[in-house]
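Engineer: First the structure, which I've put down as structure tokens, then a few questions once you've had a look.
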Amino acid sequence: MTFKAAAVQMCSGVNPDKNAETMARLVREAAGHGATYVQTPEMTGAVQRDRQGLASVLRDEDTDIIVKTAASLAKELKIHLHVGSTAIALPDGKIANRAFLFGPDGRKICSYDKIHMFDVDLDNGESWRESAVYRPGSEARMVELPFARLGFAICYDLRFPALFRTEAVAGADVLTVPAAFTRQTGEAHWEVLLRARAIENGAFVIAAAQAGLHEDGRETFGHSMIVDPWGRVLASAAGTGEAIVLADIDVVAVKAARAKIPNLKNAREFTLETSPLSAKEGVTV
């Protein structure tokens with residue numbers, strides 16, 4: 001019921017081969033510290049905002065260098081390796097922002113396509129339209145491993161609590177949020193959202209992040225983090241550069257937290273009624 005988890009922080013560039021080498025080095029280091037579950041960030045394979053540049057390095061799942069390297073690493077190190085996500089070419093010409101989980105035998109256990117697309121307009125002219133590049137997923141994913149039930153999410157999914165609640169109600173002990181949060185949104189919301197998802201679901205949250213100034217010009221927030229079911233930060237990285245954060249995960253703590261505050265069981269269905277503004281409550285101008 002107890003295992004050592006690692007969140008690997010990266011600053012991925014535009015070259016998947018180089019990023020695969022970096023991933024391999026950091027994953028081996030994490031396993032050397034005793035981690036049997038290792039998670040990498042969103043877009044491990046390439047952080048590339050230029051569409052033509054991204055298209056030039058895209059591969060399908062069977063030939064992608066990150067997928068092949070991760071499968072080999074998991075088998076070599078006898079660990080569960082969770083690639084937070086990488087861009088995968090789809091048969092219809094679209095692109096998936098896809099996470100992978102590999103078992104100690106090197107076989108793929110499951111994959112998950114990011115559901116919620118980061119289409120936002122921020123301060124200072126920062127604007128993103130993820131839906132213009134990626135095809136959103138439509139299926140949540142939870143997997144039962146020998147040591148825990150794992151629920152999947154990627155980055156912007158963090159802002160949609162219904163996804164995490166669905167996984168927790170289904171029995172997830174650990175919720176995962178590999179990410180590439182922008183510096184602007186990360187400074188404002190990263191930690192508080194991770195802790196909120198942990199508290200409201202009585203679950204561990206593991207979030208490996210991209211960090212620093214990338215080759216494509218974007219800047220990501222970093223601060224990879226592991227949070228316990230009571231909302232306590234067990235481990236956290238700095239805001240820039242490569243890092244490995246480690247924590248022992250005892251899923252008994254999930255049962256304890258949910259026993260103290262059984263909000264998953266206490267939830268009730270309800271309806272919403274909107275009352276019209278009465279004349280007495282009107283505004284006189």
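Engineer: Have a look at Val169, Val227 and point out the one that is more than 20 Å from Glu130 (Cβ to Cβ), surrounded by 24 or more Cβ atoms within 10 Å (Cβ to Cβ), out of contact with any Gly (no Cβ under 9 Å at 6 or more places or on another chain) and at pLDDT 95 or above. Let's see the steps before the verdict.
Structural biologist: Details: Val169 fails: surrounded by 24 or more Cβ atoms within 10 Å (Cβ to Cβ).
Exactly one residue qualifies, and that residue is Val227.
Engineer: If you don't mind, another one. Do the conditions hold for Phe181, that is, is it touching a residue at least 12 places away in the same chain (Cβ under 8 Å), of a type in the set (Phe, Trp, Tyr) and open to solvent by 20 Å² or more (accessible area, probe 1.4 Å)? Break it down stepwise before answering.
Structural biologist: Details: touching a residue at least 12 places away in the same chain (Cβ under 8 Å): yes; of a type in the set (Phe, Trp, Tyr): yes; open to solvent by 20 Å² or more (accessible area, probe 1.4 Å): no.
No, not satisfied.
Matching residues to (1) out of contact with any helix residue (DSSP H, G or I) (no Cβ under 9 Å at 6 or more places or on another chain); (2) open to solvent by 10 Å² or more (accessible area, probe 1.4 Å):
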{"position": "Met1", "(1), (2)": "no, yes"}
{"position": "Met10", "(1), (2)": "no, no"}
{"position": "Met23", "(1), (2)": "no, no"}
{"position": "His33", "(1), (2)": "yes, yes"}
{"position": "Thr44", "(1), (2)": "no, no"}
{"position": "Ile88", "(1), (2)": "no, no"}
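Engineer: Let me ask another. Going residue by residue through the range 199-220, is there one that turns out to be surrounded by fewer than 22 Cβ atoms within 10 Å (Cβ to Cβ), basic (Lys, Arg) and assigned to a loop (DSSP other than H, G, I, E, B)?
Structural biologist: Filtering the range 199-220 for residues surrounded by fewer than 22 Cβ atoms within 10 Å (Cβ to Cβ) gives 199-200, 212-219.
When the remaining residues are screened for being basic (Lys, Arg), the result is 218.
Now restrict to residues that are assigned to a loop (DSSP other than H, G, I, E, B): 218.
Yes, that holds for at least one residue.
Engineer: Could you list, in sequence order, the residues of the range 221-230 that are in a strand (DSSP E or B) and out of contact with any helix residue (DSSP H, G or I) (no Cβ under 6 Å at 6 or more places or on another chain)?
Structural biologist: We begin by selecting, within the range 221-230, every residue in a strand (DSSP E or B); these are 221, 225-227.
Result: Ile226, single match.
Engineer: Can you confirm whether Phe204 is touching a strand residue (DSSP E or B) at 6+ places or on another chain (Cβ under 6 Å) and touching a residue at least 40 places away in the same chain (Cβ under 8 Å)? Working first, answer last.
Structural biologist: Details: touching a strand residue (DSSP E or B) at 6+ places or on another chain (Cβ under 6 Å): yes; touching a residue at least 40 places away in the same chain (Cβ under 8 Å): yes.
Here the answer is yes, as Phe204 does meet what is asked.
Engineer: Out of the range 240-264, which residues are small (Gly, Ala, Ser) and either open to solvent by 60 Å² or more (accessible area, probe 1.4 Å) or at pLDDT below 95 (or both)? Write out each step before concluding.
Structural biologist: Taking the range 240-264 first, the residues small (Gly, Ala, Ser) are 241, 243, 247, 253, 256-257, 259.
Scanning the range 240-264 gives Gly241, Ala259.
Engineer: Further, regarding this structure: Please list, ordered by first then second residue, the pairs with beta carbon atoms under 6 Å, 6 or more apart or interchain, first in the range 15-26 and closer than 13 Å to Met43 by Cα and in contact (Cβ under 8 Å) with a residue 24 or more places away in the chain, second open to solvent by less than 20 Å² (accessible area, probe 1.4 Å) and in a helix (DSSP H, G or I).
Structural biologist: Ala20/Ile66
Engineer: Being farther than 28 Å from Ser56 by Cβ and open to solvent by less than 20 Å² (accessible area, probe 1.4 Å): is that true of Leu81 here? If you could, list the steps in order and put the result at the bottom.
Structural biologist: Working: farther than 28 Å from Ser56 by Cβ: no; open to solvent by less than 20 Å² (accessible area, probe 1.4 Å): yes.
Spelling it out, it is not the case that Leu81 is farther than 28 Å from Ser56 by Cβ and open to solvent by less than 20 Å² (accessible area, probe 1.4 Å).
Engineer: Continuing with the same structure: What pairs come out if I take residues in the range 93-107 that are over 26 Å from Ser56 (Cβ atoms) and pair them with residues that are open to solvent by less than 20 Å² (accessible area, probe 1.4 Å) and assigned to a loop (DSSP other than H, G, I, E, B) whose C-beta lies under 7 Å away, six or more apart or interchain?
Structural biologist: Once the first residue is over 26 Å from Ser56 (Cβ atoms) and sits in the range 93-107, its partners that are open to solvent by less than 20 Å² (accessible area, probe 1.4 Å) and assigned to a loop (DSSP other than H, G, I, E, B) give Pro104/Ile79.
Engineer: If you go through the range 184-198, how many residues are within 21 Å of Ile261 (Cβ to Cβ) and touching a residue at least 40 places away in the same chain (Cβ under 8 Å)?
Structural biologist: 1
Engineer: With the structure loaded, tell me whether His116 is assigned to a loop (DSSP other than H, G, I, E, B) and crowded, with 17+ Cβ neighbours inside 10 Å or whether it fails that test. Before the answer, list the steps.
Structural biologist: Values: assigned to a loop (DSSP other than H, G, I, E, B): yes; crowded, with 17+ Cβ neighbours inside 10 Å: yes.
When the stated conditions are applied, His116 passes them.
Engineer: Here is a further query. Are there any pairs, at least 6 apart or on different chains, whose C-beta atoms fall under 7 Å, with the first in the range 218-229 and under 9 Å from Ala207 (Cβ atoms) and the second open to solvent by 10 Å² or more (accessible area, probe 1.4 Å) and assigned to a loop (DSSP other than H, G, I, E, B), and if so, which?
Structural biologist: His223/Ala237; His223/Gly239; Ser224/Ala237
Engineer: Regarding Asp121, is this residue touching a Ser or Thr at 6+ places or on another chain (Cβ under 7 Å), free of Cβ contacts under 8 Å to residues at least 60 places away in the same chain, open to solvent by 70 Å² or more (accessible area, probe 1.4 Å) and of a type in the set (Asp, Glu)?
Structural biologist: Here the answer is yes, as Asp121 does meet what is asked.
Engineer: Please go through the range 217-274 and give me each residue that is farther than 15 Å from Lys4 by Cα and among the charged types (D, E, K, R), ordered by number.
Structural biologist: Residues satisfying the conditions are Arg218, Glu219, Arg232, Glu242, Lys255, Arg258, Lys260, Lys265, Arg268, Glu269, Glu273.
Engineer: Residues Lys94, Lys75, Lys108: which one is at pLDDT 95 or above, surrounded by fewer than 16 Cβ atoms within 10 Å (Cβ to Cβ) and of a type outside the set (Val, Ile, Thr)?
Structural biologist: Lys108
The values are calculated or read from the model by the stated rules, or taken from the named source; none is laboratory data. Just so it is clear, the model here is predicted, and its values are computed rather than measured. FYI the Cβ positions are ideal-geometry reconstructions off the backbone, even for glycines, and counts take in every protein chain you see. These accessible areas exclude ligands, DNA and RNA; they are computed on the full protein's heavy atoms, side chains included. Shrake-Rupley method; radii C 1.70, N 1.55, O 1.52, S 1.80 Å.
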